[in-house]
């Protein structure tokens, strides 16, 4: 039963990469955003760069929020294996950040980013949830 829970937790967290960040070869444009919105868009760009490099270690350490990494660590092989499996699903090089909204000022700081990508030949619109951990914005989920 616990292995089923671990696989379910990993699957839920891993859904994050493939559809939301399917576009991974081109750089995410962050020039339309200023201030904290730019920082959020830059965090998505950093994730995309690490996905392009197939760098599971950096994705787990630098790009994903602690809560997401914790869920992935429960899966067989941990975060790096779960991310590696998702990277194999990515099939296109287009990603755009359409909008960024910063949540209220009280910690923990949160943000949402509307992104567009191509997954299995179709345009997919997703909302990424990010959380500020220390001085960095990190991806916590996708909706």
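Things worth noting here:
- For residue 60: the one exception among (1) more than 18 Å from residue 98 (Cβ to Cβ); (2) modelled with pLDDT under 90: (2)
- Conditions (1) in contact with a helix residue (DSSP H, G or I) (Cβ under 6 Å, 6 or more places away or on another chain); (2) under 18 Å from residue 35 (Cβ atoms); number of the one not met by residue 45: (1)
- Matching option when the condition is at pLDDT below 90 and under 15 Å from the mean Cα position of the chain (by Cα), among 124, 100, 115: 124
- Residues that are under 15 Å from the mean Cα position of the chain (by Cα), surrounded by fewer than 20 Cβ atoms within 10 Å (Cβ to Cβ) and at pLDDT below 95 occur in the range 3-12; there is at least one.
The values are calculated or read from the model by the stated rules, or taken from the named source; none is laboratory data. This one's a predicted model, so the numbers in the text were calculated from it and none came from an experiment. Glycine also receives a Cβ, built like all others from the backbone with ideal geometry; neighbour counts cover every protein chain displayed.
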